[in-house]
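Asks: The following block contains the structure, expressed as C-alpha cells.
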Amino acid sequence: MSGSRMFPFITKTWNPVVGCRHGCVYCWARKLAEGKLKGTERYKNGFKPQFIEKELDKFFRGKEFVFVCDMGDLFGSWVPYSWIKAVLDRISTMSADFLLLTKNPHRYLDFKIPENCVCGATVESDIDWHVTGAEHPLYRLAEMKALSHPRKMLAIEPILQFNFEYFIDRILNIKPEFVAVGYDNYDNHMPEPSLAKTMQLIDRLEKAGITVYRKTLRKAWNERR
C-alpha cells in the first residue's frame, strides 16, 4: 500500500527561502542539498538558510496551488522577519493558492497571513521521539489550535508511534481543512506505529469529516522484519 510523496493538489513548488536548522534525522531536503545539489549555485553552502530574492519575481495565478519552501522552513526561528514578510507580501499580490508548512507554527501568529494561503504544520506524533530539533509536537498542535486563520492543515509525516485517542482529540480541536498521513520514505528505522493503527487513525479522521490525503502507507519497518 502506498501513495504520492507530494501532495496531489500541488501544481508548483516555490523556494524563495531555502535551508533549515531543525536537524530532523529524516530530512530528505538536507540530504539532497548536501549531496546531489551541493555543486549548484543555490546549494554551494549545503543547507545553510538563505533568501533567494530573485524568486520573488515569479508570478503564480489562477488554479495553481503552490507549495512554498519545500526545501526549507520559511517560519523557522532563525529566519529574519523581513524575509518572511517579503514572501507573504508577494503572495498577497497573486491569485493562486499557497501551502505553507512549518515545524514552528507559533510564528504564524506574528504575521498577517494572506487568505489565499493554507497554514500547515508538520507533527509526527503527540509524543516527542527526539527525531527533530523542532519544538515538542504538542506545542505545535496547541499553536495550530490557537491560530485563527480559516484554512489550516496538518502533515503527519513521517508518522511515528502515538497515543491514539489523545492524538485524535488534538487534531480534531484544530479543525484542519485536511490532513496528510505518510510513513518515512528513507529507512530511518524510527518508532513507527503499525499500519493497522495508522489506518484506524485515518478512518477516525475521515468519519469526523476531515479529508485525509494518503502519502506513503506501508507496514512499519519492524513489522517487515
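Asks: Condition first: without any contact (Cβ under 8 Å) to a residue 40 or more places away in the chain and within 23 Å of Gly133 (Cβ to Cβ). Can you find one or more residues in region 2-24 that meet it?
Replies: no
Asks: Let me ask something additional. For region 113-135, what are the residues that are touching a Lys or Arg at 6+ places or on another chain (Cβ under 9 Å) and of a type in the set (Gly, Ala, Ser)?
Replies: Gly120, Ala121, Gly133, Ala134
Asks: Same structure again: Mind telling me which of the residues Lys36, Lys31, Lys54, Lys12 ends up being under 20 Å from Gly120 (Cα atoms), basic (Lys, Arg) and over 15 Å from the mean Cα position of the chain (by Cα)?
Replies: Result: Lys12 is the single residue among Lys36, Lys31, Lys54, Lys12 that is under 20 Å from Gly120 (Cα atoms), basic (Lys, Arg) and over 15 Å from the mean Cα position of the chain (by Cα).
Asks: If you check Ala155, Ala180, which single one turns out to be within 19 Å of Val212 (Cα to Cα), touching a strand residue (DSSP E or B) at 6+ places or on another chain (Cβ under 6 Å) and in contact (Cβ under 8 Å) with a residue 60 or more places away in the chain?
Replies: Every option except Ala180 fails the conditions.
Asks: Let me ask something else about it. Could you say whether any residue in region 119-141 is in a loop (DSSP other than H, G, I, E, B), hydrophobic (A, V, I, L, M, F, W, C) and within 19 Å of Thr13 (Cα to Cα)?
Replies: Scanning region 119-141 turns up no residue that is in a loop (DSSP other than H, G, I, E, B), hydrophobic (A, V, I, L, M, F, W, C) and within 19 Å of Thr13 (Cα to Cα).
Asks: Also, quick follow-up: Among the residues of region 12-24, write down those that are surrounded by 15 or more Cβ atoms within 10 Å (Cβ to Cβ) and not small (Gly, Ala, Ser).
Replies: Trp14, Asn15, Pro16, Val17, Val18, Cys20, Arg21, His22, Cys24
Asks: I'm trying to understand the selection: among the residues of region 64-82, which are surrounded by fewer than 18 Cβ atoms within 10 Å (Cβ to Cβ), of a type outside the set (Asp, Glu) and not in a helix (DSSP H, G or I)?
Replies: Result: Phe65, Ser77, Trp78, Pro80.
Asks: Moving on to the next point. Restricting the first residue to region 56-72 and requiring it to be over 19 Å from Cys20 (Cα atoms), which pairs with a second residue that is of a type in the set (Val, Ile, Thr) meet a Cβ separation below 6 Å and a spacing of at least six or different chains?
Replies: Here the result reads Phe60/Val66; Glu64/Thr11; Phe65/Ile10; Phe65/Thr11, each pair linking region 56-72 to a residue that is of a type in the set (Val, Ile, Thr).
Asks: Looking only at region 142-162, count every residue that is surrounded by 20 or more Cβ atoms within 10 Å (Cβ to Cβ) and part of a loop (DSSP other than H, G, I, E, B) and tell me the total. Lay out the reasoning, then the answer.
Replies: At the first step, the residues of region 142-162 found to be surrounded by 20 or more Cβ atoms within 10 Å (Cβ to Cβ) are 144, 152-160, 162.
Remaining after also requiring part of a loop (DSSP other than H, G, I, E, B): 157-160, 162.
Result for region 142-162: 5.
Asks: Every residue in region 96-115 that is farther than 14 Å from Asp73 by Cβ and in contact with a strand residue (DSSP E or B) (Cβ under 9 Å, 6 or more places away or on another chain), please.
Replies: Once the filter is applied, which keeps residues that are farther than 14 Å from Asp73 by Cβ and in contact with a strand residue (DSSP E or B) (Cβ under 9 Å, 6 or more places away or on another chain), region 96-115 yields Ala96, Asp97, Phe98, Ile113, Pro114.
Asks: If you don't mind, another one. What's the number of the condition Leu88 fails, among (1) outside any helix (DSSP H, G or I); (2) more than 22 Å from Asn188 (Cβ to Cβ); (3) of a type in the set (A, V, I, L, M, F, W, C)?
Replies: Evaluating Leu88 over (1) outside any helix (DSSP H, G or I); (2) more than 22 Å from Asn188 (Cβ to Cβ); (3) of a type in the set (A, V, I, L, M, F, W, C) leaves (1) as the failure.
Asks: State which residue is modelled with the lowest pLDDT when the search covers only region 36-58 and only residues that are assigned to a loop (DSSP other than H, G, I, E, B), surrounded by 11 or more Cβ atoms within 10 Å (Cβ to Cβ) and not basic (Lys, Arg).
Replies: Asn45
Asks: On to the next question. Taking region 16-31, which residues are among the aliphatic types (A, V, I, L, M) and farther than 27 Å from Arg90 by Cα?
Replies: The answer is Val25, and nothing else.
The values are calculated or read from the model by the stated rules, or taken from the named source; none is laboratory data. It should be emphasised that the depicted structure is a prediction, and the values quoted were computed from it without experimental measurement. Counting neighbours? That spans all protein chains shown, and the Cβs are built from the backbone with ideal geometry, glycine included.
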